Amino acid sequence: MSGVKSNVNDLFKKCYSSPLLTQIEIARKIRFYPYFRALSSAQGTEVVVDGKRMIMLGSNNYLGLTDDPRVIEAAVNAVKKYGSGCAGSRFLNGNLELHKELEERIAKFLNKEAAVVFSTGFQTNLGIIQALVGRRDVVVTDKLDHASIIDGCRLSFGKMEKFEHNDMEDLKNVLARCRNNNIEGILITVDGIFSMEGDITDLPNIVKLAEEYNARILVDDAHAIGVLGKNGRGTGEHYNLEDKVDLVMGTFSKSLASLGGFVAGKYEVVEYIRHYARSLIFSAAIPPANAAAALKALEILESEPERRERLWKNTRKMKEGLDKLGFNTGNSTTPIIPIVIEEKKEVIERIVNFSSEAREFANIGLLPADVIGITFWRLLHENGLFVNIVLPPAVPPGRTLIRTSYTATHTEEQLDKALEIFARVGKMLGIIE
């Protein structure tokens with residue numbers, strides 16, 4: 001152990017003694033472990049896992065472009081021309097013509113003066129907040145904002161204040177407190193679409209409060225680009241408030257079928273971020289294939305609005321179908337539709353009596369809602385549905401979610417089959433009547 005004689009004060013002690021590892025080991029052994037599933041196919045409306053074909057209801061591939069032949073061809077051609085990677089950061093040797101073209105296209109698409117591309121969406125939020133928020137500044141975040149925003153706040157020299165989810169009265173109180181404490185700059189940072197709950201931020205009232213308290217607004221539109229707005233430009237367009245959003249952050253890994261992130265806004269602000277964001281300067285550039293794929297996906301997004309129409313048709317079908325069956329889908333109004341798992345004594349009793357594996361799993365020390373949720377996930381998986389389970393700390397304790405999401409390319413037959421499986425398994429466990 002690298003010369004360490006005792007584990008009393010060993011950094012790794014927490015790893016060796018963690019109850020989580022025991023729970024994971026048991027869950028893997030009895031096939032109740034819901035994470036790191038290996039796909040052996042492209043990310044389409046159906047995928048192959050362990051040799052079994054499943055309907056994919058757990059992807060962020062909203063426009064169905066990850067396996068589009070045009071996107072694939074663009075990526076292949078870029079590799080042939082530029083090679084497989086950039087061998088360095090954009091700041092020094094890794095800046096390609098493709099990156100510049102992509103930034104110009106994004107800025108034009110979003111009606112902003114400039115944009116800058118990062119290696120991942122996570123790094124984008126880290127870089128924006130770290131670069132802009134100084135010692136006398138504060139970031140005000142929704143309590144359900146993405147982890148990358150929270151970590152960006154932690155890396156900055158400024159303060160972080162949180163307000164209750166989509167609670168504008170609480171936001172007003174937080175902003176008033178910040179101004180009374182002689183804070184210099186305020187950045188309100190929110191998800192456009194909240195990635196687990198599927199609801200949309202209350203941007204109109206955020207804009208009003210930002211103007212009242214002289215704050216700037218950053219909207220994380222990772223899940224909204226290509227989804228919200230007449231032209232797919234995101235939350236600002238959805239509310240007809242594009243000119244009121246100072247910075248729009250987005251990713252290429254959802255609707256744009258690639259990998260990477262970006263932020264768009266005023267030229268001076270974007271240039272400042274470009275030269276001060278450590279997660280940009282000290283990270284290798286996104287590979288040519290990713291830049292080219294994102295460019296082609298953006299082109300298709302703009303030229304084929306019917307994809308968004310099909311996406312919303314599928315979304316309405318599944319929202320109405322799941323609600324009619326009796327599932328609790330929360331406040332979702334987007335293609336992200338969670339099924340909220342509630343703690344029911346009769347469901348736990350059914351699980352304990354269901355099988356020896358379920359009985360063993362129910363005794364490994366998880367909260368009741370987590371046991372119900374993972375058992376539900378397991379049965380959905382066995383019946384051919386690929387969905388995601390969301391456990392604390394991604395959600396508050398006792399509020400386990402089965403996260404489902406939908407694409408423009410799901411067929412009626414696939415969605416009808418999915419609803420039939422949800423109904424059968426939900427009734428089997430007593431989650432629905």
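On the protein heavy atoms, probe 1.4 angstrom, tell me the percent of accessible surface of the chain carried by carbon and sulfur.
Working: 10160 of 19860 Å².
After summing per-atom areas, the C and S share lands at 51 percent.
Using Cα-Cα distances under 8 Å and only pairs 6 or more residues apart, what relative contact order does the chain have, in percent? List each step's numbers first, then the result.
Working: 837 pairs, mean separation 91.0, N = 433.
Reported relative contact order: 21 percent.
Let's see if you can work this out: charge +1 on each Lys and Arg Cβ, -1 on each Asp and Glu Cβ, no other charges. What is the dipole magnitude of segment 243-322 about its Cα centre, in debye to the nearest 20? Mind dumping the intermediate values first?
Details: 13 positive and 10 negative charges, 83 e Å.
Taking the Cα centre of segment 243-322 as origin, the dipole is about 400 debye.
Which is farthest toward the positive dipole end of the chain among 400, 87, 369, measuring Cα position about the Cα centre, with Cβ charges +1 (Lys, Arg) and -1 (Asp, Glu)?
Farthest along the dipole direction, towards plus: 87.
Would you list which lysines come within 24 Å of residue 100, measuring only between C-alpha atoms, while excluding same-chain residues fewer than 8 positions from it?
Straight-distance partners of residue 100: 80, 81, 108, 112, 254, 266, 296.
To the nearest 20 Debye, how big is the dipole of segment 37-132 about its Cα centre, given +1 on the beta carbon of each Lys and Arg and -1 on that of each Asp and Glu? Intermediate values should be presented prior to the final figure.
Values: 11 positive and 10 negative charges, 19 e Å.
For segment 37-132, the charge dipole is close to 100 debye.
How much of residue 151 can a 1.4 Å solvent probe reach, expressed as accessible area in Å² and rounded to 10?
Counting only protein heavy atoms, residue 151 exposes about 50 Å² to solvent.
Using only protein heavy atoms and a 1.4 Å probe, report how much of residue 81 is accessible, in Å² to the nearest 10.
It works out to around 140 Å².
Can you classify segment 32-186 as rounded, prolate or oblate using the Cα gyration tensor, where a ≥ b ≥ c are the square roots of its eigenvalues, rounded means a/c under 1.5, and otherwise it's prolate if a/b beats b/c and oblate if not?
It is oblate, given that a/c is not under 1.5 and a/b is not larger than b/c.
Where the centroid of each part is defined by its Cα atoms, how far is segment 26-73 from segment 247-303 in Å?
Taking the Cα centre of segment 247-303 as reference, the centre of segment 26-73 is 24 Å away.
Output the antiparallel fraction of DSSP beta bridges having both residues in segment 137-224, as a percent to the nearest 5. Could you put the intermediate results ahead of the total?
Numbers: 1 of 15 bridges.
About 5 percent, rounded to the nearest 5.
Cβ under 13 Å from residue 218's Cβ, residue 218 left aside: what net charge do those residues give with Lys, Arg +1 and Asp, Glu -1?
On the way: positive: 112, 216, 244, 266; negative: 137, 142, 145, 191, 220, 221, 246.
It works out to a net charge of -3.
Determine, from the Cβ-Cβ distance of residue 11 and residue 281 and an R0 of 45 Å, the FRET efficiency 1/(1 + (r/R0)^6), rounded to the nearest 0.05. Walk me through the intermediate numbers first.
Values: r = 29 Å, r/R0 = 0.65.
Efficiency at R0 = 45 Å is approximately 0.95.
Can you list the residues of segment 391-433 with backbone N under 14 Å from a point 7 Å past the Cα of residue 354, pointing along Cα to Cβ?
Residues 402, 422-432 fall inside that zone.
If you line up the long axis of helix 69-82 against the longest principal axis of the chain, both from Cα atoms, how many degrees apart are they, to the nearest 10?
Its long axis makes an angle of about 50 degrees.
Rounded to the nearest whole Å², what accessible area per residue is found for the chain with the 1.4 Å probe?
Numbers: 19860 Å² over 433 residues.
Per-residue accessible area for the chain comes out at 46 Å².
Lys/Arg Cβ at +1, Asp/Glu Cβ at -1, dipole of the chain taken about the Cα centre: which of 355, 383, 286 is farthest positive-ward?
355
Quick one: which of 84-95, 116-127 comes out on top by average Cβ neighbours within 10 Å, and what's the full order, highest first? Please list the in-between numbers first.
Values: 84-95: 14.8, 116-127: 24.6.
Order by mean packing, descending: 116-127, 84-95.
What does the C-alpha gyration tensor say about the overall shape of the chain? Classify as rounded when a/c is under 1.5, otherwise prolate if a/b is larger than b/c, or oblate. Spell out each step's value before the answer.
Values: a/c = 1.43, a/b = 1.31, b/c = 1.10.
Rounded, because the longest to shortest axis ratio a/c is under 1.5.
Name the residue farthest towards the positive end of the dipole of segment 217-359 from the options 335, 325, 272, assuming +1 on Cβ of Lys and Arg, -1 on Cβ of Asp and Glu, about the Cα centre.
Checking the options against the dipole of segment 217-359, the answer is 325.
Using 7 Å Cα-to-Cβ label points, what is the residue 411/residue 173 separation (nm, one decimal)?
5.3 nm
With the contact rule set at Cα under 8 Å and sequence spacing of 6 or more, what percent relative contact order holds for segment 138-267? Mind dumping the intermediate values first?
Values: 234 pairs, mean separation 23.8, N = 130.
Relative contact order comes out at 18 percent.
How large is log10 I(q)/I(0) at q = 0.11, 0.19, 0.21 Å⁻¹ when the Debye formula is applied to the Cα atoms of segment 325-433, each weighted equally and without solvent?
-0.33, -0.99, -1.20
Considering all projection directions equally, how large on average is the shadow of the alpha-carbon convex hull of segment 16-96, in square nanometres? Walk me through the numbers before you get to the answer.
Numbers: hull surface 38.6 nm².
The Cα convex hull of segment 16-96, projected and averaged over all directions, gives 9.6 nm².
Would you kindly calculate the mean projected area, averaged across all directions, of the convex hull enclosing the Cα atoms of segment 199-278, in square nanometres?
Details: hull surface 23.9 nm².
Average of the hull's projected areas for segment 199-278 equals 6.0 nm².
Round to the nearest 10 and report in Å² the accessible area of residue 252, as given by a 1.4 Å probe over the protein chains' heavy atoms.
0 Å²
Using Cα pairs under 8 angstrom and six or more residues apart, how large is the relative contact order of segment 40-127, in percent? Please list the in-between numbers first.
Details: 57 pairs, mean separation 11.2, N = 88.
Relative CO of segment 40-127 lands at 13 percent.
Helix 121-132 versus the longest principal axis of the chain: what angle, 0 to 90°, nearest 10, using Cα atoms?
Roughly 40 degrees, rounded to the nearest 10.
Treating the beta-carbon of each Lys and Arg as +1 and of each Asp and Glu as -1, no other charges, what is the dipole magnitude of segment 139-279 about its Cα centre, to the nearest 20 debye?
Computed charge dipole of segment 139-279: roughly 400 debye.
Compare 415, 325 by solvent-accessible area with a 1.4 Å probe and give them largest first, with all protein chains kept in place. Mind showing how you got there, number by number?
On the way: 415 0, 325 50 Å².
Result, largest first: 325, 415.
Just from its helices, what would the mean residue ellipticity at 222 nm be for the chain, if runs of 4 or more DSSP H residues each count -39500 (n - 2.57) and the sum is divided by every residue, rounded to the nearest 500 deg cm²/dmol? Before the final figure, lay out the partial values.
Working: 17 runs with 191 residues, N = 433.
Calculated at 222 nm, the ellipticity per residue is -13500 deg cm²/dmol.
From largest accessible area down, sort 303, 253, 156; use a 1.4 Å probe on the protein chains. Could you put the intermediate results ahead of the total?
Details: 303 75, 253 50, 156 15 Å².
Most to least solvent-accessible, the answer reads 303, 253, 156.
In a Gaussian network model over the chain where Cα atoms closer than 10 Å are linked, find which of 136, 278, 307 has the largest mean-square fluctuation.
Highest fluctuation among the options: 136.
The values are calculated or read from the model by the stated rules, or taken from the named source; none is laboratory data. Just so you know, these numbers come straight off a predicted model, no measurement behind them. Positions of Cβ are backbone-derived with ideal geometry, glycine not excepted, and every protein chain shown enters the neighbour counts. What goes into the accessible areas is simple: the full protein's heavy atoms, side chains included, and nothing from ligands, DNA or RNA. Shrake-Rupley method; radii C 1.70, N 1.55, O 1.52, S 1.80 Å.
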